[in-house]
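These notes are about the structure you will find just below.
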Amino acid sequence: MNQKIIAQPLGSIDPASLKIDECYLFSVNYEMFADNNVRVYKKGSYLVVHTVYWSKIKKAWRCDQEEFPLAALPWIVDRFENSFFKPQDQGGASDFERSLRKEFNGELIGINTMAHCCAENLPGFNIWNANRASYISEIPPQQWDIPRSMLLEQGLLAQLKELADKYQAGQL
Amino acid sequence: MFPLYIPTHFSEHYQVLVAGGAEMFPSGEVVSTTDAARLFSIVTHELTIPVEQWRGVLMRLGISIPAHFFHAADIYHEVVKLCLRGQLRLVKIPRLEQFSVIAAGDGWGYCFMRSSQPHPSLSYLSINIASVKDADVILNKIKSTDKELYRSIHNNPSLAGLLKDESNIRARLAELLANKEVQVYKVPVRGAAPTVKAVEYLPATAADKPVPLAPETKASPAVTNATSTEQPGPKSLADCAQCLGDARKKLDAEGYTAKYTDAQQLQKVQEGAVSKERFLVSFQTKSTNPDTKLAFERDSGLAPVWATSFDQLENADTDPQLIADILGTPYDPSKEYVLHIIDRGETFNQFGQNTLIPTWDNMQEPTQKYLGGKHDPAVLAEVMTPEYQRQYTKDIEQYHAVDLNEFDKNDQKDYAETLSTKDREKFLARHNVRTEIGANSEFTGNGLTQSREGSTHYGVVETLTLENNPPSITKMSNVKTIALKPRGLV
């Protein structure tokens, strides 16, 4: 692993004109960012989280996306289910394990716990790719913030698990 | 247009403003537009306005009525959404009694507040001052020296920034009063508090809202004017309760004496012993939600607990105002407070294995460990220092000035884009620490709170516990919850 190597961008998805290797999967609703349009796509062998948002600085609609190898998806789901959401005495992560990471296809993927995820004092997670830079800031990593309640109560983890199962079955 | 104030059930007020509207009460606290849970609590529980009147409020402020604005749940939801989007702002106006009072020597005193508008409370009327001469008449009734006056004024957060030093403080204050930039109220001075009945213990079902320990805002030399002796510590929660009972008797008889001097507290920070003590305490406002956790009033865990050790607070007994003063955190006499004592177990296996004293040095290890994979370790080391903190504070001021949300990744990237490549790397790394662990732009990293109690400069040594999945308090058999009663009540 060499996290200094920044991978070439996959290229920004245009939701109105998907390319042949791009496929819309589902949308994600952030209640605290109600005006944002967050959609999840498959692009080649990557899972892409694409966001359209209103930039208060540019005074314009902008978009950005985070890219994760699909091969990392089963691991991400497994870490949520068997590390972060499982008690320590049943094999879950201890309080000292707040950052889990693994390399996939030369890209370092991680999940970090967050004290303030999308809002102050709202616990959640940050899924990151150390080998890809933000399309906006041009600085790595690419990061996807997900409040804990969205994963559990709002069913996002179940959606990701379904995708991971399909990927492992060769159906994605 | 007259400012729009809405009273709360607790005799406080909120000023309601439209985006970009001028705040009429600069001493008020602007409510964060990112804390959805708090906004919802304010709108549904604190504000006394009937739900159907929100339509009139929005019309008066020139805000378009949202499409679904008929049923109570929809109205509350839409009002919170307007706040989250920044279209509606809430400014909390503190109660007059919460500001420091400067005694005039006759059982009355004067309370100064920064505002061109009278306080919305009808309990007291401000003294009408039309000229510097009128102001001088009032100020001459204050017998304290200029130095004492400056110290009192400096403890008043609404005025601290207006009066830079103690030279010509009376002349400057008179000028501010005559210009109506500051209002003055004559209020009774609270006498010494009488004794109170013994400690009352609550079952663990009476839970709470956490009161975070306040970060220190200004460094100054420690004083060493108190003495203390090391006593053997408690061995159980029952021992802790007994210690508090003893402390109340001593407090009534002798008044408060800090258990440790400032020099001893600084030594304790260096030694790190406080984070290794068996009993921790968390000072919180009382609620009756049985699912409340030590960390935050949320439906799930994964949040840091800012607390201190039982030993650090023991001499403060069970007086909530005294505890708040020592913790350097705001105190609201209209609210009820509790103290949770947490037994971590002899081997710390019951709670808080991952506990540290949040100093710059101590924050380096978790920062590198948790964020080292995605940010350059050298950059992380550089940004978790007091030197970079000054730059980060400036960045966050600028960030807020353009109305960006600290917890919105897209706002963070947009802001970073305005910086040079080197600076944006530092900013994004430092801000990641803020959102993942919690050290914000006011974090001073000396591990101590700044006391308002007066006998010492520092209050307590803080502890920060990082818990991935804390259970609710009702399910923690290792927690004793104590109802705190002010010394003035019987």
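The values are calculated or read from the model by the stated rules, or taken from the named source; none is laboratory data. What you see is a predicted model; the values in this text were computed from it and never measured. Heads up, the Cβs are rebuilt from the backbone with ideal geometry, glycines too, and the neighbour counts pull from every protein chain shown. Ligands, DNA and RNA are stripped out before the accessible areas are found, and what is left, the full protein with its side chains, is counted by its heavy atoms. Shrake-Rupley method; radii C 1.70, N 1.55, O 1.52, S 1.80 Å.
Suppose the filter is open to solvent by less than 20 Å² (accessible area, probe 1.4 Å), within 8 Å of another protein chain (Cβ to nearest Cβ) and not in a helix (DSSP H, G or I); does B:LEU464 pass it? Please lay out each step first, then the result.
Numbers: open to solvent by less than 20 Å² (accessible area, probe 1.4 Å): yes; within 8 Å of another protein chain (Cβ to nearest Cβ): no; not in a helix (DSSP H, G or I): yes.
Judged against the criteria, B:LEU464 is not a match.
Under the condition of being within 18 Å of B:LEU448 (Cβ to Cβ) and within 14 Å of chain A (Cβ to nearest Cβ), which residue from the range B:321-373 is surrounded by the most Cβ atoms within 10 Å (Cβ to Cβ)?
B:PRO358
Can you spot a residue in the range A:52-63 that is open to solvent by less than 60 Å² (accessible area, probe 1.4 Å), closer than 22 Å to A:GLN154 by Cβ and assigned to a strand (DSSP E or B)?
yes
Scan A:ASN126, A:ASN131 and give me the residue that is within 17 Å of A:VAL38 (Cα to Cα) and within 11 Å of chain B (Cβ to nearest Cβ). Outline the logic, then answer.
Details: A:ASN131 fails: within 17 Å of A:VAL38 (Cα to Cα).
Of the residues listed, the single one that is within 17 Å of A:VAL38 (Cα to Cα) and within 11 Å of chain B (Cβ to nearest Cβ) is A:ASN126.
Among the residues of the range A:100-108, is any in contact with a strand residue (DSSP E or B) (Cβ under 7 Å, 6 or more places away or on another chain), within 11 Å of chain B (Cβ to nearest Cβ) and among the aromatic types (Phe, Trp, Tyr)? Lay out the reasoning, then the answer.
At the first step, the residues of the range A:100-108 found to be in contact with a strand residue (DSSP E or B) (Cβ under 7 Å, 6 or more places away or on another chain) are A:100-102, A:104-105, A:107-108.
Subset that is within 11 Å of chain B (Cβ to nearest Cβ): A:100-102, A:108.
Adding the requirement that they be among the aromatic types (Phe, Trp, Tyr) leaves none.
Checking the range A:100-108: not a single residue is in contact with a strand residue (DSSP E or B) (Cβ under 7 Å, 6 or more places away or on another chain), within 11 Å of chain B (Cβ to nearest Cβ) and among the aromatic types (Phe, Trp, Tyr).
If you check A:PHE84 against the conditions, is it touching a residue at least 40 places away in the same chain (Cβ under 8 Å), over 15 Å from the mean Cα position of the chain (by Cα) and at the interface with chain B (Cβ under 7 Å from one of its Cβ atoms)?
Numbers: touching a residue at least 40 places away in the same chain (Cβ under 8 Å): yes; over 15 Å from the mean Cα position of the chain (by Cα): yes; at the interface with chain B (Cβ under 7 Å from one of its Cβ atoms): yes.
Yes: the conditions hold for A:PHE84.
Going residue by residue through the range A:10-26, is there one that turns out to be loosely packed, with under 13 Cβ neighbours inside 10 Å, within 14 Å of chain B (Cβ to nearest Cβ), out of contact with any Leu (no Cβ under 9 Å at 6 or more places or on another chain) and free of Cβ contacts under 8 Å to residues at least 12 places away in the same chain?
Checking the range A:10-26: not a single residue is loosely packed, with under 13 Cβ neighbours inside 10 Å, within 14 Å of chain B (Cβ to nearest Cβ), out of contact with any Leu (no Cβ under 9 Å at 6 or more places or on another chain) and free of Cβ contacts under 8 Å to residues at least 12 places away in the same chain.
Given B:HIS154, B:HIS71, which one is open to solvent by 50 Å² or more (accessible area, probe 1.4 Å) and not assigned by TED's automatic domain parsing to the domain that holds B:SER32?
Values: B:HIS71 fails: not assigned by TED's automatic domain parsing to the domain that holds B:SER32.
Selected residue: B:HIS154, the only one of B:HIS154, B:HIS71 that is open to solvent by 50 Å² or more (accessible area, probe 1.4 Å) and not assigned by TED's automatic domain parsing to the domain that holds B:SER32.
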